[in-house]
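Student: Dumping the structure here so I can ask a few things about it.
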């Protein structure tokens, strides 16, 4: 994965493992700067799914598939340093994971007197499930403010912990601003007032090593497709004592211990209690392969590469007249959101696409944050293990060309 010198990061060698990067878009080589939405997949992930889908059927092969499925669970456990594989619940993604917590732990533990503490950095997936639940049971939602640089207002966070919230939720990394929150400190502060902590880790899992036992959070949610894995698969980590106390999420096969018309149905142990029906076996196997791929490259090397890219992008983009970057916190992941005076973000995105440059435009599922920023949306460029400095240069050149056309 790296060059002859083990300390060298060979991005060209890494790119050769991603078939889609060989594509042309509108007559131009694809420049993919939308990895915060969904990262591309290396051959190891693609082949793992192809292998499963091509050979499923016979009983022996079904057994092998089960072994691979549970092997992937152990891969996730080991990589994220959960204490037990039974704390790893497979879901369809981070959104599904958060909804699972809201629909089970939330309905069982929150009352009309409860407070849920969120932040203004949240993705809609960590807002709407709690709003639905609050409307149902009458609990209150409080929101922590953000500082002008896009970092969390720790003074406001501490003040609102004084409300003794039953649940505290925050993103590990902002999908819009790239802000990396000090989630270990936030978790510790929340635990001191007796709060349960849920972390949205969808944007952190691809960019940094996550140690769940060190963080000590109660729940952690993430998606496979953000971290070089397939779509339609994700994980909810939950402390075992919490998972054991929670009622089932959906009914069906696998999640039961015994079913009878004469006696009450009894339920399986975690994590199976929350995995009703036929799971996304190929997706889970692909997620396991994605984690193995990240480990083979070195997550620390990926993080260092992305940090260098982010600093370079800030420097180059700020040379464009009228361009403003939103999210300038000192600790950032590989996300750069910006606007250019006199242009609309969707117009910039359309013109860049004509040059083969894929970026994301809009609110990025963070409408409350956009309202706080005083904008309707931004252009977002986001980076991954395969992004190059030349691609950032191409983005800058493409923007300059687009701006001339729009002005």
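Student: Kindly indicate whether any position in the stretch 214-226 is without any contact (Cβ under 8 Å) to a residue 24 or more places away in the chain, farther than 28 Å from residue 377 by Cβ and not assigned by TED's automatic domain parsing to the domain that holds residue 363.
Tutor: No, because not a single residue in the stretch 214-226 is without any contact (Cβ under 8 Å) to a residue 24 or more places away in the chain, farther than 28 Å from residue 377 by Cβ and not assigned by TED's automatic domain parsing to the domain that holds residue 363.
Student: If you take the residues in the stretch 67-84 that are free of Cβ contacts under 8 Å to residues at least 24 places away in the same chain and surrounded by fewer than 19 Cβ atoms within 10 Å (Cβ to Cβ), which one is farthest from residue 214 (Cα to Cα)?
Tutor: So the residue we want is 67.
Student: Same structure again: Within the bounds of the stretch 22-32, is there any residue that is under 14 Å from residue 283 (Cβ atoms) and touching a residue at least 12 places away in the same chain (Cβ under 8 Å)? It would help to see each step written out before you state the result.
Tutor: Here is the first cut: in the stretch 22-32, the residues under 14 Å from residue 283 (Cβ atoms) are none.
No.
Student: Then there's this: Restricting to the stretch 261-305, name every residue that is more than 26 Å from residue 41 (Cα to Cα), touching a helix residue (DSSP H, G or I) at 6+ places or on another chain (Cβ under 7 Å) and part of a helix (DSSP H, G or I).
Tutor: The answer is 274, and nothing else.
Student: Those residues that are over 27 Å from residue 154 (Cβ atoms) and touching a strand residue (DSSP E or B) at 6+ places or on another chain (Cβ under 8 Å), I need them from the stretch 96-126; list them, please.
Tutor: Within the stretch 96-126, 96, 100 qualify.
Student: Also, I was wondering about something else. Restricting to strands (runs of 3 or more DSSP E) lying wholly in the stretch 323-397: which have 2 or more residues that are free of Cβ contacts under 8 Å to residues at least 24 places away in the same chain?
Tutor: 323-326, 360-362
Student: Out of 154, 161, report the one residue that is at pLDDT 95 or above and either surrounded by 16 or more Cβ atoms within 10 Å (Cβ to Cβ) or under 14 Å from the mean Cα position of the chain (by Cα) (or both).
Tutor: On the way: 154 fails: either surrounded by 16 or more Cβ atoms within 10 Å (Cβ to Cβ) or under 14 Å from the mean Cα position of the chain (by Cα) (or both).
Exactly one of 154, 161 is at pLDDT 95 or above and either surrounded by 16 or more Cβ atoms within 10 Å (Cβ to Cβ) or under 14 Å from the mean Cα position of the chain (by Cα) (or both), namely 161.
Student: Another one. Taking residue 84 as the residue in question, decide whether it is at pLDDT 95 or above, more than 29 Å from residue 375 (Cα to Cα) and touching a helix residue (DSSP H, G or I) at 6+ places or on another chain (Cβ under 7 Å).
Tutor: Yes, satisfied.
Student: Also: Determine whether residue 310 is outside the structural domain of residue 235 (by TED's automatic domain parsing) and either surrounded by 21 or more Cβ atoms within 10 Å (Cβ to Cβ) or assigned to a helix (DSSP H, G or I) (or both).
Tutor: Against the criterion (outside the structural domain of residue 235 (by TED's automatic domain parsing) and either surrounded by 21 or more Cβ atoms within 10 Å (Cβ to Cβ) or assigned to a helix (DSSP H, G or I) (or both)), residue 310 qualifies.
Student: If you don't mind, there's one more thing I want to ask. Search the stretch 210-239 for residues being assigned to a loop (DSSP other than H, G, I, E, B) and more than 27 Å from residue 158 (Cβ to Cβ), and hand back the single one that is nearest to the chain's Cα centre (by Cα).
Tutor: My answer is 227.
Student: Answer yes if at least one residue in the stretch 190-198 is in the same structural domain as residue 77 (by TED's automatic domain parsing), within 22 Å of the chain's Cα centre (by Cα) and within 24 Å of residue 286 (Cα to Cα), and no otherwise.
Tutor: no
Student: Anything in the stretch 51-75 that is modelled with pLDDT of 80 or more and touching a helix residue (DSSP H, G or I) at 6+ places or on another chain (Cβ under 6 Å)? List them, or say none.
Tutor: 52, 53, 65, 68, 69, 72, 73, 74, 75
The values are calculated or read from the model by the stated rules, or taken from the named source; none is laboratory data. Computed from a predicted structure; not experimentally measured. Using ideal geometry, Cβ is built from the backbone for each residue, glycine included, and neighbour counts are taken over all protein chains shown.
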